[in-house]
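Only one structure is covered here, and it is reproduced in the block below.
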Amino acid sequence: MADTAVLASKAPVAEKPRSVLDARLEALDLPRGGFTAAARADAADRLNAMGLPGKRDEYWRYTDPAAFNAPTAEPLAFTSRASTLFDEIEQLKLVFVDGRFDADASDALDGEGLEISTLAAADAAGDHWAADLYGKLETAGQNPVKRPFAVLNTLAATDGVLIRVTGKVSRPVHILYRREAQDADVTIHHVIRLEEGSELTLLETGGIAARSNVAIEVEVNKEARFHHIASKRADDAKVGIGHVFARVGEGALFKSFTLSVNGSMMRNEGVIEIVGDDAVAHIAAAVLGDGTEGRFHHDDTVFITHAAERCESRQVFKKVLKNGADGIFQGKILVKPGAQKTDGYQISQGLLLDEGSQFLAKPELEIYADDVKCSHGSTTGALDETAMFYLRSRGVPKEQAVVLLVLSFLADALEEIEDDRLRDDILTRLDEWLTSRASA
């Protein structure tokens, strides 16, 4: 018996297999120290407790998270040309190359009514006003739905911009993303605080990386106005997840619009909490997906909480899909007790240009107040044959008729852009892109 015991003690012990989370974390070079240290330590604890999502998770039932869970990014080819969207508009440009701020390609980090710094530089310097916000809105946005990749972002983000707005800023701040490496794997975290009565328009354009994880935390204080317009780079293959966490104060306005044209695997999460009376929060997207050159899968997941009186929210999502493209929308409006006179509206629509594409929607309302006006609707269909016949009978070529009907379908989402110059620029680019592919 003794010999057997000795042999057993010397037998090799099988190593415990690494979890998906362990493998993901081991591949990262995590930042250390700085004013974000406490938030990152908290994020590490929370992420270890919740783990990364799988296909069985309720909010990932339509999107396989495997590409986001993988330890490293798969190399993806891309075009090197720079985005020219919004070039004719006066702006303050902030350029990121493979997730790192490029000071030489950017404008000076100053402007009337603005305090701007980069996350990497501010974190290295120590104390910063953003310490009160970094990771805070993300943490609040984990209840009732867990969002592990947002926690991963708070833990691992290597750079971003920190913007404090103290006045009405006349020119937009434009964040331009550029790529140099085919296997660039980027995690970026932006923090924005709008002080009382201030106003800012934030633009995001360009191709970020082969795989990206971007988070924006926005605090919109009393009677401030925030406009956000993001345009995802057309035609480049990419895997990306984006998060917008917003807290909207009394009498304030928050508007976010995203244009997505092609790609591989994209998921955008919007988590908005309305905490002040008489506030307004709108979030919208126009999506065009063509699976001709590879997989197209686009998922929008939105959660808006009403926690104050006489507030308005809008969710407007339009997706045009062809050649086997997949579009997903999951949207919820939560009205808390006491949030009387709430006006909540949600619409999600898919336009399928062939039988091989699909649009899946999961709209939700959860209401705990009795004096509210809330509604949601979701439709999926093909081009209107009557409208097509009308245009063709008046001499409009088929390809042009398709473009006109698609632009008409997207109009409600585009109307969420208040600035006519920005909206017109996007419409022009959409028209050009659709026209070049109308016969495909």
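The values are calculated or read from the model by the stated rules, or taken from the named source; none is laboratory data. Since the structure is predicted, the reported quantities are computational estimates derived from the model, not experimental observations. Cβ atoms come from the backbone with ideal geometry, glycine included; neighbour counts cover every protein chain shown. Calculation scope for accessible area: heavy atoms of the full protein, side chains included, ligands and nucleic acids excluded. Shrake-Rupley method; radii C 1.70, N 1.55, O 1.52, S 1.80 Å.
Quick check on residue 224: is it over 17 Å from the mean Cα position of the chain (by Cα), under 22 Å from residue 303 (Cβ atoms), buried (at least 24 other Cβ atoms within 10 Å of the Cβ) and among the aliphatic types (A, V, I, L, M)?
Numbers: over 17 Å from the mean Cα position of the chain (by Cα): yes; under 22 Å from residue 303 (Cβ atoms): yes; buried (at least 24 other Cβ atoms within 10 Å of the Cβ): yes; among the aliphatic types (A, V, I, L, M): yes.
In short, yes.
Quick grid of which residues meet (1) over 30 Å from residue 438 (Cβ atoms); (2) open to solvent by 10 Å² or more (accessible area, probe 1.4 Å); (3) part of a strand (DSSP E or B):
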{"site": "308", "(1), (2), (3)": "yes, no, no"}
{"site": "321", "(1), (2), (3)": "no, no, yes"}
{"site": "345", "(1), (2), (3)": "yes, yes, yes"}
{"site": "361", "(1), (2), (3)": "no, yes, yes"}
Criterion violated by residue 435 - all others in (1) closer than 20 Å to residue 292 by Cα; (2) open to solvent by less than 80 Å² (accessible area, probe 1.4 Å) satisfied: (2)
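Out of all the residues in segment 272-281, which are in a strand (DSSP E or B) and either modelled with pLDDT under 95 or open to solvent by 20 Å² or more (accessible area, probe 1.4 Å) (or both)? Explain how you work it out, then say what you get.
First, the residues of segment 272-281 that are in a strand (DSSP E or B): 272-274, 280-281.
273, 280, listed by residue number.
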Pair list, Cβ under 9 Å, 6 or more apart: segment 206-223 residue on the phi > 0 side of the Ramachandran plot and in a loop (DSSP other than H, G, I, E, B), other residue among the polar types (S, T, N, Q) and open to solvent by less than 10 Å² (accessible area, probe 1.4 Å): 223/198
Search result, residues across segment 133-162 that are open to solvent by 10 Å² or more (accessible area, probe 1.4 Å), part of a loop (DSSP other than H, G, I, E, B) and either hydroxyl-bearing (Ser, Thr, Tyr) or within 18 Å of residue 26 (Cβ to Cβ) (or both): 158
Residue in segment 407-432 that is farthest from the chain's Cα centre (by Cα), counting only those that are over 21 Å from residue 383 (Cα atoms) and open to solvent by less than 40 Å² (accessible area, probe 1.4 Å): 425
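Only one of these is assigned to a helix (DSSP H, G or I), open to solvent by 20 Å² or more (accessible area, probe 1.4 Å) and either among the small types (Gly, Ala, Ser) or without any contact (Cβ under 8 Å) to a residue 60 or more places away in the chain (or both): 108, 121, 130. Name it.
Values: 108 fails: assigned to a helix (DSSP H, G or I); 130 fails: open to solvent by 20 Å² or more (accessible area, probe 1.4 Å).
None of the others qualify; the one that does is 121.
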Selection within segment 10-24 - open to solvent by 40 Å² or more (accessible area, probe 1.4 Å), modelled with pLDDT of 50 or more and not in a loop (DSSP other than H, G, I, E, B): 20, 22
Residue match in segment 143-160 (condition: of a type in the set (Asp, Glu) and within 28 Å of residue 421 (Cα to Cα)): no
Which numbered condition residue 178 misses (of (1) open to solvent by less than 10 Å² (accessible area, probe 1.4 Å); (2) touching a residue at least 60 places away in the same chain (Cβ under 8 Å)): (1)
Residue, surrounded by the most Cβ atoms within 10 Å (Cβ to Cβ), within segment 181-205, restricted to residues that are of a type in the set (S, T, N, Q) and in a loop (DSSP other than H, G, I, E, B): 198
Residue count for segment 65-79, restricted to those that are closer than 10 Å to residue 185 by Cβ and open to solvent by less than 60 Å² (accessible area, probe 1.4 Å): 3
Subset of segment 47-72 [within 22 Å of residue 29 (Cβ to Cβ) and more than 19 Å from the chain's Cα centre (by Cα)]: 47, 48, 51, 70, 71, 72
Every residue from segment 17-71 that is more than 28 Å from residue 133 (Cβ to Cβ) and either in contact with a Gly (Cβ under 6 Å, 6 or more places away or on another chain) or of a type in the set (Lys, Arg) (or both): 18, 55, 56, 61
Number of the condition not met by residue 115 [criteria: (1) outside any loop (DSSP other than H, G, I, E, B); (2) within 30 Å of residue 66 (Cβ to Cβ); (3) in contact with a helix residue (DSSP H, G or I) (Cβ under 9 Å, 6 or more places away or on another chain); (4) not basic (Lys, Arg)]: (2)
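Within segment 284-301, can one find any residue that is part of a loop (DSSP other than H, G, I, E, B), on the phi < 0 side of the Ramachandran plot, open to solvent by 10 Å² or more (accessible area, probe 1.4 Å) and modelled with pLDDT of 95 or more? Working first, answer last.
Restricting attention to segment 284-301, the residues satisfying the condition of being part of a loop (DSSP other than H, G, I, E, B) are 294-296.
Checking which are on the phi < 0 side of the Ramachandran plot leaves us with 295-296.
The next check asks that each one be open to solvent by 10 Å² or more (accessible area, probe 1.4 Å); those that pass are 295.
Okay, now just the ones that are also modelled with pLDDT of 95 or more, so none.
No.
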Given (1) over 21 Å from residue 132 (Cα atoms); (2) out of contact with any Lys or Arg (no Cβ under 9 Å at 6 or more places or on another chain); (3) open to solvent by 10 Å² or more (accessible area, probe 1.4 Å), index of the condition residue 244 fails: (1)
